[in-house]
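Beneath this line is the structure, given in structure tokens, with notes to follow.
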Amino acid sequence: MAYDDPKTPFLPVNDRSQPSSPPPPPFSLKSMATLKNFCILLGPLLCAVICLCVTFDGPTTSRNMLAVTAWVFAWWLTEAVPMPITSIAPLFLFPLFGIASADGVARSYMDDVVTLLLGSFMLVLAVERYNVHRRLALNITLRFCGEPVSPPFLLLGICATTAFVSMWMHNVACAVMMMPVATGILQRLPVNPTDGSARAATPINNFCRAVVLGVTYAAPIGGMSTLTGTGVNLILAAIWKSSFPEAKPISFNTWFFFGFPLALPIFLALWVILCLLYLSKGSSMALAAYLDKAHLKRELDILGPMAFAEKMVLAVFGTTIALWMTRSITEDIPGWGALFHGRAGDGTVSVMVATLLFILPNGKQKGEKLMDWNECKKLPWNIILLLGAGFAIADGMQSSGLADILSKALDFLEQVPYIAIAPVVCLISAIITEFITSNDAAATLVVPLLSQMARTVNVHPLALMVPGAIGSQLAFMLPTGTPPNIVGFTTGHIDIMDMMKTGLLLKIVGTAIVSLLMPTLGAYIFGTKG
């Protein structure tokens, strides 16, 4: 229904000319006894059991916080209530249980990090609206295709394009945009998508598997590079800022200097693994008859020359990246943010650029702008609200004292060397994300606890918080691990065994790289030696 149309009534008007619908079945208690209703009751039941049976050697609010967390996570895990609605539950649960005031918890939902994501999503919608991502993908892939076609380098081109795009927008949006581009390139190939039966491991089928797996995994790997590439990075930055307000915040620039060197070897490992598992020596000859540069050029010709609107979106996109990268550079070169005495954040840039999209013309019709509000109705509010809920829970754990109590159970780790703790933390986060909940929710649960645990074992908090956050992004083995996994699995080109064997190798490599970089590059970037 077009609510923006003044001629359209907000409430529907009954049309007596239409046949009436049949009356609903009579209400009965038996109709209420469903699995979904049980899952709805599970949250309040867990909350009540914890409030009645659990006692802590500390303030009552710590017990109440544990009860509320159990309620929210029960609904998140079972999806008994839609995730966006569950994400706003702290707005009424925290005040009712005495954890935080209504004003206090509401502020968590409009943090600078949330505005950063909000503006970034508007920019992503502009990129989608004018097919900038498709043109970029085809141009880069054309450079890697080779003549005759070289499957390893074509795979590298598709994966590199996905990773690059994911660096500047949320990895879920990137996977959704890039998967049709990848499968469009595969449409000329005579493949038989899996239907649950055995499928011949022909060179063409294997190449299709490699491409879909490459796009599926390149999106979250590329997202690790930047603060806006994935919600987990934003959650980490926000929890660090709220837990240690006196410390230097994790800026876009700071994270990039660590995230890009981290993501690059993981990406190269992905390419090598896919080449070894799926690209045989005969794949080039098998693909030559169906896929060449002429096909990609025809796709570009269909798009036509770059229009004024596309150029404007690219210019805005480039300006955004430049402003993010130069807001805070080094202590000696403070960047343009110093002109505003530190009051401007990365979210300031994001929202300012999003505003420009509604001011700059698109050159198509007189008075028409690059974006209009109807396009913004596609904003993924579920992710934005989930991010706000994560900040609220993290703040609640700190203010209620629950984080201190839970971290005391980890005192035994004080005797364990850090070089052994970091990979364990990374693996625990990855397992929680793989089998229990989403990576954003896992980071929301694990990262605040790790900040307290770091104090217990006498290490810098970021030395554990960063591996924990990155570990929650290494969920590559199951379709339910992350949304990009679902996007790849639903194409029909891959099955669970493909994800299991590729994802396990990638998880091992990713954990090893994180464990090596944190004590070296991470110690320099984040100052974790002190």
List every residue pair whose Cβ atoms lie under 9 Å apart, where the two residues are 6 or more positions apart in sequence or sit on different chains, the first residue falls within segment 245-267 and is closer than 14 Å to F526 by Cα and modelled with pLDDT of 80 or more, and the second residue, located anywhere, is part of a loop (DSSP other than H, G, I, E, B) and basic (K, R). S251/R327; F252/R327; N253/R327; T254/K248
Filter result (open to solvent by less than 70 Å² (accessible area, probe 1.4 Å) and in a loop (DSSP other than H, G, I, E, B)) within segment 338-365: G342, A344, G345, F358, L360, N362, G363
Out of all the residues in segment 46-53, is one or more open to solvent by 60 Å² or more (accessible area, probe 1.4 Å), modelled with pLDDT of 85 or more and touching a helix residue (DSSP H, G or I) at 6+ places or on another chain (Cβ under 7 Å)? yes
Check segment 114-134 and report whether any residue there is at pLDDT below 80, surrounded by 22 or more Cβ atoms within 10 Å (Cβ to Cβ) and of a type in the set (S, T, Y). yes
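Looking at the structure I just gave you, is T491 open to solvent by 10 Å² or more (accessible area, probe 1.4 Å) and closer than 20 Å to C174 by Cα?
When the stated conditions are applied, T491 passes them.
Find the residue count for segment 141-157, including only residues that are part of a helix (DSSP H, G or I) and open to solvent by 10 Å² or more (accessible area, probe 1.4 Å).
Initial filter on segment 141-157 (part of a helix (DSSP H, G or I)): 141-145, 151-157.
In the following step, the residues that additionally are open to solvent by 10 Å² or more (accessible area, probe 1.4 Å) were identified as 142-144, 152-153, 156.
Qualifying residue count, segment 141-157: 6.
The values are calculated or read from the model by the stated rules, or taken from the named source; none is laboratory data. Because the structure is predicted, anything quoted here is derived from the model rather than measured. FYI the Cβ positions are ideal-geometry reconstructions off the backbone, even for glycines, and counts take in every protein chain you see. These area figures cover heavy atoms from the full protein model, side chains too; ligands, DNA and RNA do not enter into them. Shrake-Rupley method; radii C 1.70, N 1.55, O 1.52, S 1.80 Å.
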